[in-house]
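Structure, as structure tokens:
The values are calculated or read from the model by the stated rules, or taken from the named source; none is laboratory data. For clarity, every value in this text was computed on a predicted model and none was experimentally measured. Cβ: placed from backbone, ideal geometry, glycine included. Neighbour counts: every protein chain shown.
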Amino acid sequence: MELFNQTRIEKEIKELPSGILTILLDAAKSVNINSIAIVGGIVRDIITKSKYKDHKISFNDLDLIIEGDSTNYVKELKRILGKNRVKVIRNNTTYKTSEITIDGIKVDIASAREESYPIPGENPVVKSSSIKNDLIRRDFNINAMAIELKEYKLIDLFYGLDAISNMRIDFLHDLSVLEDPTRIIRASRYSSKLGFNLSNKSLRQIQDTINSWPWDWHIGDNPDLAPSALSIRLRMELQLLFESNDWKNALKNLQEWGALKIIDSKLQNDNSLFEKIIIAKKSNIEPLTAFIYEAENPLYLADRLKLSQKQKKIIEGACQLNQYLNNIKSSKLYESWPPSKWTNVLEGIDANESSFLLEICRNNPFKKYLVCWLNNWRHIESPIKGDELINQGWDSGPDIGIEIKRQRMKSIDEKNII
């Protein structure tokens, strides 16, 4: 197939150094690697562009798969190209992968492997295998194609070419979602990015698997015991989703498929979810943080997905703020509170600026008070300083702090109205 030759690939992927594919193949031969292939998104995108001329190839890295040891292969590349051109970023001995750069271009090298899932949702057990068997373990037919570099032949075991022609995405087998539920998030991301539809068979697999919930852990159980694909790997896939330009369509897919139930039932049914996240992004709040805050129990979900301490702190502060505001909602006393009273109350809550922005983004009924404090009241200082009071005859001690606060609150009330 004329599409797959060195010149054509290097022309389509302009970021690749000239002649690099020949060097990669020669290095493989030098260490007795029988087969080496390009795999992943580049293969899919080159084929897609050949069929749909307006398709843009988004190059992030070059994915290689070899039938051999990735560590020895990287050493050979260093010998051929020199240490200045080849930099090792990461080696993963468990999954037999190496992440390097060649002339600054990221190259991911993986030893061909098979995977098995003794416990659904947990990390797989791996063993060395062939390139064809490696393709079987992948997520979708459009991502399970490879270009073998000896003769530039396409390996397509699951009709990926037909799927691209029909603009359709299929899981590779009937247990795909059971084994790794993060594939649901990837399906929505690829569907949105490529403009492809998920097949009816794959959609039924998502819905049937979620409804039967075949995993040993359930939502509400100890979050620390959640399997990797329902916790940390799920978070990583959500991060990738929100980093994409098509995150809104991807999230819409997940709601339409009923797939957000794997995360939280409230998120599944929230019709204003997109609007809240968009507002949060404009306020420089991480979309994932805003997304999780809209869950039924945000703190529980934050623990389950292993969010960073910074993200947890923002969500925790917003929850405390929301709880206090809900407690005073039934009372009408707040309607007569001056700005100084609101300032005292809000500054007594352990919440940072981002926590306030989260509540403002969800259009809290007390939004105007939160905005006033955030943008105005909190920045007002006392017109008199401690040393000035001492010069006026005040004794050093707590009374000075009380007076400075009184003067500040007086200024807030004098300069502001609600």
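Out of the range 270-289, which residues are in a helix (DSSP H, G or I) and modelled with pLDDT under 95?
Within the range 270-289, the first condition is being in a helix (DSSP H, G or I), and the residues that meet it are 273-282, 287-289.
Matches in the range 270-289: 273, 274, 275, 276, 277, 278, 279, 280, 281, 282.
This table checks each residue for (1) over 18 Å from residue 177 (Cα atoms); (2) without any contact (Cβ under 8 Å) to a residue 24 or more places away in the chain; (3) surrounded by fewer than 20 Cβ atoms within 10 Å (Cβ to Cβ); (4) β-branched (Val, Ile, Thr).
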| site | (1), (2), (3), (4) |
| --- | --- |
| 233 | no, no, no, no |
| 240 | yes, no, yes, no |
| 246 | yes, no, yes, no |
| 271 | yes, yes, yes, no |
| 283 | yes, no, yes, no |
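Only one of these is under 20 Å from residue 20 (Cα atoms), surrounded by fewer than 16 Cβ atoms within 10 Å (Cβ to Cβ) and in contact with a strand residue (DSSP E or B) (Cβ under 7 Å, 6 or more places away or on another chain): 107, 125, 74, 88. Name it. Working first, answer last.
On the way: 107 fails: surrounded by fewer than 16 Cβ atoms within 10 Å (Cβ to Cβ); 125 fails: under 20 Å from residue 20 (Cα atoms); 74 fails: surrounded by fewer than 16 Cβ atoms within 10 Å (Cβ to Cβ).
Exactly one of 107, 125, 74, 88 is under 20 Å from residue 20 (Cα atoms), surrounded by fewer than 16 Cβ atoms within 10 Å (Cβ to Cβ) and in contact with a strand residue (DSSP E or B) (Cβ under 7 Å, 6 or more places away or on another chain), namely 88.
Considering the range 169-192 alone, what residues qualify as being in a helix (DSSP H, G or I) and either touching a Pro at 6+ places or on another chain (Cβ under 7 Å) or not charged (D, E, K, R) (or both)? Give the steps one after another, and end with the answer.
Filtering the range 169-192 for residues in a helix (DSSP H, G or I) gives 176-179, 182-192.
176, 177, 178, 179, 182, 184, 185, 187, 188, 190, 191, 192 - these are the residues of the range 169-192 that are in a helix (DSSP H, G or I) and either touching a Pro at 6+ places or on another chain (Cβ under 7 Å) or not charged (D, E, K, R) (or both).
Evaluate the following for residue 312: is it modelled with pLDDT under 95, under 19 Å from the mean Cα position of the chain (by Cα) and within 30 Å of residue 228 (Cβ to Cβ)? Give the steps one after another, and end with the answer.
Working: modelled with pLDDT under 95: no; under 19 Å from the mean Cα position of the chain (by Cα): yes; within 30 Å of residue 228 (Cβ to Cβ): yes.
For residue 312, the condition - modelled with pLDDT under 95, under 19 Å from the mean Cα position of the chain (by Cα) and within 30 Å of residue 228 (Cβ to Cβ) - is not met.
What are the residue pairs meeting all of these: first residue in the range 355-379, first residue within 17 Å of residue 273 (Cβ to Cβ), second residue outside any helix (DSSP H, G or I) and among the acidic types (Asp, Glu), Cβ atoms under 9 Å, and 6 or more apart or on different chains?
Close Cβ pairs satisfying both conditions: 362/294.
Would a scan of the range 183-199 turn up a residue that is more than 22 Å from the chain's Cα centre (by Cα), polar (S, T, N, Q) and surrounded by fewer than 16 Cβ atoms within 10 Å (Cβ to Cβ)? Reasoning before the result, please.
To start, the set of residues in the range 183-199 that are more than 22 Å from the chain's Cα centre (by Cα) comprises 199.
Within this subset, residues satisfying the condition of being polar (S, T, N, Q) are 199.
Still in the list and also surrounded by fewer than 16 Cβ atoms within 10 Å (Cβ to Cβ): none.
Checking the range 183-199: not a single residue is more than 22 Å from the chain's Cα centre (by Cα), polar (S, T, N, Q) and surrounded by fewer than 16 Cβ atoms within 10 Å (Cβ to Cβ).
Checking residue 306 against (1) closer than 30 Å to residue 227 by Cβ; (2) assigned to a helix (DSSP H, G or I); (3) in contact with a helix residue (DSSP H, G or I) (Cβ under 6 Å, 6 or more places away or on another chain); (4) not β-branched (Val, Ile, Thr), only one condition comes out false. Which one?
(2)
Could you tell me whether residue 79 is charged (D, E, K, R) and surrounded by 14 or more Cβ atoms within 10 Å (Cβ to Cβ)? Steps first, answer last, please.
Values: charged (D, E, K, R): yes; surrounded by 14 or more Cβ atoms within 10 Å (Cβ to Cβ): no.
Taking the combined requirement at face value, the residue does not satisfy it.
Where in the range 322-418 are there helices (runs of 4 or more DSSP H), lying wholly inside it, with at least 2 residues that are surrounded by 16 or more Cβ atoms within 10 Å (Cβ to Cβ) and out of contact with any Asp or Glu (no Cβ under 8 Å at 6 or more places or on another chain)?
Values: elements: 339-347, 353-361, 367-375, 386-391, 398-415.
It comes to 339-347, 353-361, 367-375, 398-415.
Please enumerate the residues belonging to the range 290-303 that are part of a helix (DSSP H, G or I), of a type outside the set (Phe, Trp, Tyr) and surrounded by 21 or more Cβ atoms within 10 Å (Cβ to Cβ). Lay out the reasoning, then the answer.
First pass over the range 290-303, keeping only residues part of a helix (DSSP H, G or I): 290-293, 298-303.
Keeping just the survivors that are of a type outside the set (Phe, Trp, Tyr) gives 290, 292, 298-299, 301-303.
Correct list: 290, 292, 298, 301, 302.
Can you name every residue in the range 143-164 that is free of Cβ contacts under 8 Å to residues at least 60 places away in the same chain and assigned to a loop (DSSP other than H, G, I, E, B)? So that I can check it myself, show each step before the final result.
Let us first name the residues in the range 143-164 that are free of Cβ contacts under 8 Å to residues at least 60 places away in the same chain, namely 144, 151, 156-159, 162-163.
Listed by number, the residues that qualify are 144, 151, 157, 158, 159.
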